[in-house]
Amino acid sequence: MLNDPFENARKQIDNVAKYLDIDKKTLAKIKTPDRVLKADLKIKMDNGKTRIFKAFRSQFNNAKGPYKGGIRFHQNVSESEVKALSAWMTWKCSTVGIPYGGSKGGIVVDPKTLSTGELERLSRAYMRAFYQVFGAWIDVPAPDVNTTGQIMAWVVDEYQTLVGHQEPAMITGKPLELGGSQGRTEATGLGGFYILESLRRKWKGPTLPKKTTIAVQGVGNVGYWFIEFAKKAGYQIVAWSNSKGGEYKGKKITNDQLLELPVDVLVPAALENMITKENAAKIKAKYIIEMANGPVTPEADEILFKRGIVSLPDVLCNAGGVTVSYFEWVQNNMGYYWGKEEVWAKLKKIMDRSFAEVWAIYQEKKVTPRMAAYILAVGRVVQAMKLLGR
């Protein structure tokens, strides 16, 4: 597979191991998921025929707490992808210091081709296949690519029916009516905006937001809210794109062209492997805020670093979503809920602190920002494993 995501994830761990005191046995363990589950989901379609959909769940490491990770519905879901994403979730939770491990799941499907009824049956079938490895203190799923609060509602209902008791904390990203958190919809984009603000205080770029130019690739939920908060603060969003293409100063451009625009900040907020060794030399932005998961390959990372481009990693920049998912889980477990302003203030505190911790290692060790985040995150997980005797 070209740019195999799990091989990329394993390379990143090998690279960080050079900076940490990790023995071979521990290194092998933190490069391998604890468990990978697969299932064939048989679904009765509206036309009466039966279709089979491949489904996955990868539970990577739970030394820091219950596994945590989304469920995505996409035609390109693969075992390699969910394993990589579960690894990145482990490091993401550890980077921002929340008490979770990492997991990820998915179904190979284009949900746009399904009716609402078919989508509900598929969502419930996923939980029936894997419900025994889910739970508020075992593995806590959430929305991901092409999944929604409604899908989480079906999934939590199926789980609670199967186990015979209420357990809202077993899943996050739920509608507010079912115990979801205020501020969750905006959380990932808002977390990225907080990183942008912290970065602006450190960079050699423009001092004022109104003089700062930004290009955003991918205006889904994450890109949309990042743009909304950045525009409100006065930043100049000069280019944007979605899956069909984009605009730059009123002119139509492709997604590839957007990546190479002469802007201060580039925000890849679409899918993985957007910046590779093939196009890294053409990037003109001074700073990259990675809002997608894995948008920069390891080879591209090195090229960008040598060129003096600061690429802040996904495990830091898009951690706002999982942080507010953590807040939802906390609120569900204690049965007490916060207002949006309180959620945002708590999120800002965590994102500001995490940026400062990563930036300090980046400056001190003279490594890429991703490596700085990994030194922090992997070091914390390894320390937890040692304390647990693993």
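What FRET efficiency do you get for LYS49 and ASP352 if R0 is 35 Å and r is their Cβ-Cβ distance, rounded to the nearest 0.05?
Computed FRET efficiency for LYS49 and ASP352 comes out at 0.10.
Here the range 188-253 and the range 277-350 have alpha carbon centers that stand 14 Å from each other. Within the shell defined by Cβ-Cβ distances under 11 Å, the residues around SER123 carry a net charge of -1, with Lys and Arg each +1 and Asp and Glu each -1. Computed packing ranks the peptides 344-350, 268-274, 114-120 as 268-274, 344-350, 114-120, most packed first, by mean other Cβ atoms within 10 Å.
I'd like to compare 243-256, 358-371, 100-113, 158-171: which one has the highest average count of other Cβ atoms within 10 Å, and what's the full order after that?
Packing order, densest peptide first, comes out as 100-113, 358-371, 158-171, 243-256.
Beta bridges assigned by DSSP with both partners in the chain are antiparallel in approximately 50 percent of cases.
Computing FRET efficiency as 1/(1 + (r/R0)^6) for GLU302 and ALA345, where r is the C-beta to C-beta distance and R0 is 30 Å, gives about 0.20.
Please get the size of the charge dipole for the range 33-178, origin at its Cα centre, with Cβ charges of +1 on Lys and Arg and -1 on Asp and Glu, quoted in debye to the nearest 20. Intermediate values should be presented prior to the final figure.
Working: 19 positive and 14 negative charges, 68 e Å.
With only Lys, Arg, Asp and Glu charged at Cβ, the dipole is about 320 debye.
The mean sequence separation of alpha-carbon pairs under 8 Å and at least six residues apart, normalised by the residue count of the chain, gives a relative contact order of 16 percent.
Remark: for residue pairs LYS83/LYS282; LYS231/LYS348; LYS44/LYS244; LYS282/LYS349; LYS31/LYS64, the C-alpha separation exceeds 25 Å in LYS83/LYS282; LYS44/LYS244; LYS282/LYS349.
With the simple spin-label model, which puts each label point 7 Å out from Cα in the Cβ direction, the THR148 to ASN242 separation comes to 1.4 nm. The packing ranking, built from the mean of other Cβ atoms within 10 Å per residue, places the peptides 316-322, 214-220 in the order 316-322, 214-220, highest first. Taking each residue as 0.36 nm, the span from ASP157 to TYR337 lengthens on full extension beyond its C-alpha to C-alpha distance by 62.7 nm.
Per-residue 3J(HN,Hα) values for the range 236-242, derived from phi via the Karplus relation 6.51 cos²θ - 1.76 cosθ + 1.60 with θ = phi - 60°, read 9, 7, 9, 8, 8, 8, 10 Hz in sequence order (x marks Gly and Pro). For the range 33-178, what's the relative contact order in percent, using C-alpha pairs closer than 8 Å and at least 6 residues apart? That works out to 25 percent.
Quick note: the coordinates plus some simple rules give every number you see, no bench work behind them. Because the structure is a prediction, the values reported are computed rather than measured. FYI the Cβ positions are ideal-geometry reconstructions off the backbone, even for glycines, and counts take in every protein chain you see.
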